[in-house]
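Visitor: Quick one: this structure, given as structure tokens, is what I'll be asking you about.
All of the numbers you see were taken from the coordinates with simple rules; none came from a lab. Bear in mind that the values here come from a model prediction, so they are computed numbers and not experimental data. Here the Cβ is made from the backbone with ideal geometry for all residues, glycine too, and neighbour counts use every protein chain on show.
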Amino acid sequence: MTRIHNDPSDFVSQALAGFAAAHPSLIRAVDGGVVRAAPAPRGSVALVVGGGSGHYPAFAGVVGQGLAAGAVCGNIFTSPSAGQAYRVAKAAHRGGGVLFSFGNYAGDVLHFGEAEERLRAEGIDARTVLCTDDIASAPINEIDKRRGIAGDFVVFKVAGAAAERGDDIDEVERLARHANHRTRTLGVAFGGCTFPGAGEPLFTVPEGMMSIGLGIHGEPGIRDVPRTSSAELAGILVDQLLADVPESRGARAAVIVNGLGSVKYEELFVLFGDVAARLRDAGITVVEPEVGELVTSLDMAGASVTLLWLDEELEPLWAAPAYTPAYRKGAVDPAAPGDEEGEDVADLAAAEVAAASDWSRAAATRALAYLEAARAVIHENEAELGRIDAIAGDGDHGVGMRTGIDAACAAADPSVGLSAMLTAAGDAWSEKAGGTSGALWGAMLAAVGRTLDDENVDARDAVAGAARAALDAVTSRGGATVGDKTMVDALDPYVRTLEEHLRVGDAVGAALLAAAGAASTAAEETAALRPKLGRARPLAEKSIGHPDAGATSLALIAIALARTAGQDETSRKEQ
């Protein structure tokens, strides 16, 4: 467990501040993460890596010469926001374009994708290479669905070395993809990790067992097997890795034995010795191995083995020198911090908003009451949402929803009118919460605000249109459909039921109550589904029998909104 902290909600920001203070000659803090203190030469490609915190040295620890130009740091196990990724990329940009690289997780893909679009709109050549090395998370014929774990470091190292030697963005992107294609990882857990301030780990492994196929966000393995000797464990991991290889793999491989947090170096060296022996017996030459903590998971008791199948292009990049706070290799001439910095993004003044009508401001005031109702129900159910999410995910859904709705309510100013208020609330939700749900709830609020803010539209039509716009925003961004075991399974019947009741003339409050009932029933029924998207997909069997956390939180909010609408209608009648 995490024993040293102040307020757990400030853990990431305080850790990042301490990290920056400890390495002032190598990195500098920017809004959203860190960048090199001494920028790379003008015209260089800026490799920007990132994801949720809790994985140190990933991601901030690998910013420096020969590796990343910047790192975007989200909350614990939660993707950073699009705004964070954009600001760090702007600060790291040196004129040669920006290459984002991160693990293949839905929230990261959404937020970094939005940041990439913003950069491209400004004329900056921005691209993305996803890391997909975990062989336990999808079969080889679905390699693009695999998640990124310790193999992230391989892609960062190769891309960073290519950028450092002056390759252009086409070549850096190609080599990063090539490295990812030739990288495979498999891990084992002996015990789960614990969030700062939490009393229990996200998962436990039965006594005498070990869990094969873990994730790095507190996800348990896909199967438990009896705990055994290091030699036999090495055999299990290496044999599965050798059964899943790229074409023309060759006979030379870089090897990483990575500690996840509380398996310490002497244990990792024992495992590496057995892994190396197993590879040698298979005719594989081990090249410049790495043994230690490179991609961790807070205090998880676990380890992973990564193989990068080398060729004449990748081997010199793997061997190239690097100098960062957490990783140093070969001989470099450390650059001193200079006056020349990247394109920092100053806090921009709020864009001028057209004066809102009296009707819009009054509608925004009523809408704020609905946001506060959603906030209350999420606070009340935060722990339960986290518990549901931890069954086959990382357990952060309750924290993420609470962080998002708190930020949305704090940013909601009725004086600017309904649409502007909900857009600002949505932006704040996305910015502060990060993660998939942060991006989707932010998009929903903005869509609802745009649709509702018209006093000339019949109330029933406006409410139905707003609900449909929210559903469209979620499905267009997240790509989920009914049956994938996501929030869409609750949102789709909510919208259809609401539309049906409004169409036959029901009062808005009654229609919302019926829709909330449909959403609640659908959320409960997700217990029978297998997840097809997101972090829960590799642990589909564990998920069966338990409802989806995203669908559950949506249903809870739907009930709170319906009750608030009923109170609102009663109050207006009395007046």
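Visitor: How big is the equivalent ellipsoid of segment 116-188 along its three axes, where each semi-axis is √(5λ) from the Cα gyration tensor, reported in whole Å from largest to smallest?
Guide: 25, 15, 9
Visitor: Which entries of 157/264; 264/485; 329/432; 157/542 have Cα-Cα distances beyond 30 Å here?
Guide: Exceeds cut-off: 264/485; 329/432; 157/542.
Visitor: Of all alpha-carbon pairs in segment 27-73, indicate the percentage at a distance above 14 angstrom.
Guide: 41
Visitor: Let me ask something additional. From the phi of every residue in segment 381-389, what ³J(HN,Hα) in whole Hz does the Karplus formula 6.51 cos²θ - 1.76 cosθ + 1.60 yield, where θ is phi - 60° and glycine or proline is x?
Guide: Values, residue by residue: 10, 4, 5, 5, 5, x, 5, 4, 5 Hz.
Visitor: If packing is taken as the average count of other Cβ atoms within 10 Å, what order do 458-471, 222-235 fall into, highest mean first?
Guide: By packing density, highest mean first, the sequence is 458-471, 222-235.
Visitor: For a footprinting-style exposure proxy, rank 444, 209, 421 by other Cβ within 10 Å, fewest first.
Guide: 209, 444, 421
Visitor: Between 474, 504, 464, whose Cα lies farthest towards the positive end of the dipole of segment 392-521 when Lys and Arg beta carbons carry +1 and Asp and Glu beta carbons carry -1, centred on the Cα centre?
Guide: Looking along the dipole axis, the top candidate is 474.
Visitor: Please express the Cα-Cα pair-distance distribution P(r) of segment 8-323 as a list of whole percents, one per 20 Å bin, running from 0 to the bin with the greatest distance.
Guide: Result, from short to long distances: 35, 58, 7 percent.
Visitor: Size of the chain along its principal axes in angstrom, Cα-based, largest extent first?
Guide: 81, 57, 44
Visitor: Still on this structure, please answer the following. Taking other Cβ within 10 Å of each residue's Cβ, how do 432, 532, 90 sort, fewest first?
Guide: Ranking 432, 532, 90 by Cβ neighbours within 10 Å, fewest first, gives 532, 432, 90.
Visitor: While we're looking at this one, here's another question. Under 5 Å between amide H atoms, partner at least 5 residues away or on a different chain: which partners does residue 294 have, H built in plane at 1.01 Å?
Guide: Hits under the 5 Å cutoff: 259.
Visitor: Looking only at Cα atoms, what is the convex hull volume of segment 35-139 per residue, in Å³?
Guide: Normalising the Cα hull of segment 35-139 by residue number yields 99 Å³.
Visitor: Per-residue HN-Hα couplings for segment 457-469, Karplus 6.51 cos²θ - 1.76 cosθ + 1.60 at θ = phi - 60°, whole Hz, x for Gly and Pro?
Guide: These are the phi-based 3J(HN,Hα) values: 9, 4, 4, 5, 5, 5, 5, 4, x, 5, 5, 5, 5 Hz.
Visitor: In whole Hz and in residue order, list the ³J(HN,Hα) couplings for segment 271-279 that follow from phi through the Karplus curve 6.51 cos²θ - 1.76 cosθ + 1.60, θ = phi - 60°; x for Gly and Pro.
Guide: Once θ is set to phi - 60°, the couplings for segment 271-279 become 5, 4, x, 6, 5, 4, 5, 5, 5 Hz.
Visitor: Let me ask something additional. What number do you get for segment 358-574 when its Cα radius of gyration is normalised by 2.2 N^0.38 Å, N = residues?
Guide: Computed over Cα atoms of segment 358-574, the ratio equals 0.96.
Visitor: Quick one: which residues, 5+ away or cross-chain, put their amide H under 5 Å from the amide H of residue 75? H built at 1.01 Å from N.
Guide: 53
Visitor: Report, by chain and number, residues whose modeled amide H sits under 5 Å from the one on residue 135, excluding near sequence neighbours (fewer than 5 apart, same chain).
Guide: Close amide H contacts, sequence-distant or interchain: 185.
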